[in-house]
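Please treat every number below as a calculation from the coordinates, not as lab data. Since we're looking at a predicted model, the values are computed, not measured. Note that we place each Cβ from the backbone using ideal geometry, even for glycine, and neighbour counts take in every protein chain shown.
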Amino acid sequence: MAVSTIRDFLKHESAGGLVLLAVAVFALILDNTSLAWLYDALLDLPLAVKIGGLEIAKPLLLWINDGLMAVFFLLVALEIKREVLEGELSSLDRAALPAIAAVGGMAVPAAIYMAVAGGDPVAARGWAIPAATDIAFALGILSLLGKRVPLALKIFLLALAIIDDLGAILIIAAFYTADLSYISLGLAGVGAAVLFALNRAGVTRTAAYILVGVFVWVCVLKSGVHATLAGVLVGFAVPLAGRNEQGESPLRSLEHKLHPWIAFGIMPVFAFANAGVHLGGVGLSSLGEPVTLGIALGLLLGKQIGILSFVWLGVRLRLCRLPEGIGWPQIYGVACLAGIGFTMSLFIGTLAFEDPAFAAPVRIGVLAGSIASAILGYLVLRATLAPVRTAHPG
């Protein structure tokens, strides 16, 4: 059951990563043609929802970043909960390797960014941008190597990225919040209490969690804490045990239903809305801007150095061990792929900088670091993974 779930997950994520790449390229091309005005006008399109005295009015871009991404983080929370309770993170032996790798893969990129751009207090707010990993994009590149990739290596990258996502959740909650409205925050707390009361009462209908979750999302949105964290609360509340009306685990059922919508809908829409950057006047000198250079080097070098050095130290101290059949060249290749920040890095970039002047440096840095990491990771793994031998008829 667990193996088939992982294979199904990898199938969706890998294909979704390739769709992400195509959509990002399309957005980048569109924003550098005569239709750039249409791209910008679409993202600035005002949309409002009003019920009585409550009104939420935002441009389309913020509905995507605050609304659709809350659904993405709902899926992330479901994945984390399942992996912790019965998957690759359910025991210390299994979790040690990807956990150690993830810590190094977040700490070193952030340190490199601060070394490059930390001299400016405003620019320093972007320290977490290169700490992220785009799980769909990374698995998508890994899938290009086909059957030569061992399942253990895919699972290592998957677990590493999931822990990385958990780190991103904690970073967003702790460092990227606006002025707090304690009334809204209190109401969100009441909603969260209701969610976990539903869990404790054994409620297995996911509709109940989604309904309360919408209320929590509105309250969190108005509180100053980033609205995507409402999705995390809902995901952690949905029970893994028990059976819903279809006789399935509520968490597994919801996770299975959300995967295609996230992989082929929400994430491509987010990539389209955030990957466009006008390249007019952009040259090699633009890569030398502190924010751009800090992000690019953090993703390309920081992830490699952080993951490889922390895993090496963990193995030396006997805190973890490499999976059977996986050597250091393959660990290095995965460390390179983890430098594909893309959607997660772009998302954190939107939280770190409100000034539109930072949009282009952030996007250029993320795209440069992610593309370089993808190419290097692919080449390293292609060179170090044994080709699949096919049987010839005798």
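Distance between the modelled labels on Leu287 and Leu92, one decimal in nanometres: 4.5 nm (7 Å Cα→Cβ projection). In the range 121-246, taking the dipole from charged Cβ atoms about the Cα centre, the farthest positive-side position among Asn199, Thr133, Leu170 is held by Asn199. Taking 0.36 nm per residue of sequence separation and removing the Cα-Cα distance, the Ala152/Ile375 pair yields an extension gain of 78.1 nm. Considering only Ile371, Ile326, Ile100, the Gaussian network model of the chain with Cα springs below 10 Å gives its largest mean-square fluctuation to Ile326. Work out the FRET efficiency for Ala124 and Arg316 from their Cβ-Cβ distance, taking R0 = 41 Å, and round it to the nearest 0.05. Using R0 = 41 Å, I get an efficiency of 0.80. Here's the list of lysines a cross-link from Lys222 could span, going by alpha-carbon distance under 17 Å and ignoring same-chain residues fewer than 8 apart: Lys50, Lys58. When the charge dipole of the range 2-384 is built from unit charges on Cβ atoms (+1 for Lys and Arg, -1 for Asp and Glu) and taken about the Cα centre, the candidate among Tyr182, Phe264, Pro323 whose Cα reaches farthest toward its positive end is Pro323.
The Kirkwood radius of the chain, taken over pairs of alpha-carbon atoms, gives through the Stokes-Einstein law at 10 °C and 1.306 mPa s a diffusion coefficient of 73 µm² s⁻¹.
Here the spin labels are modelled as points 7 Å beyond Cα on the Cα-Cβ line, and at Leu85 and Asn32 they lie 4.7 nm apart.
The separation of the range 289-304 from the range 180-212, counted between C-alpha centres, amounts to 39 Å.
Seen from Val218, the other residues with C-beta closer than 15 Å to its C-beta sum to a net charge of +1, counting Lys and Arg as +1 and Asp and Glu as -1.
For a paramagnetic label modelled on Leu211 (point 7 Å from Cα along Cα→Cβ), amide N atoms under 14 Å away are absent within the range 73-89. Using the rule -39500 (n - 2.57) for each DSSP H run of four or more residues, divided by the residues of the chain, the 222 nm mean residue ellipticity is -21000 deg cm²/dmol. Computed from the Cβ-Cβ distance with R0 of 25 Å, the FRET efficiency linking Asp40 to Tyr176 stands at 0.50. Each Lys and Arg Cβ is given +1 and each Asp and Glu Cβ -1; about its Cα centre, the chain then shows a dipole of about 1100 debye. Backbone geometry of the range 371-383 corresponds, through the Karplus equation with coefficients 6.51, -1.76 and 1.60 at θ = phi - 60°, to 3J(HN,Hα) couplings of 5, 4, 5, 5, 5, 5, x, 4, 5, 5, 5, 4, 7 Hz, x marking Gly and Pro.
Applying 1/(1 + (r/R0)^6) with R0 = 51 Å to the Cβ-Cβ distance of Glu55 and Glu245 gives a FRET efficiency near 0.90. Using Cα pairs closer than 8 Å and at least 6 residues apart in sequence, work out the relative contact order for the chain, in percent. Worked out over the chain, it gives 28 percent.
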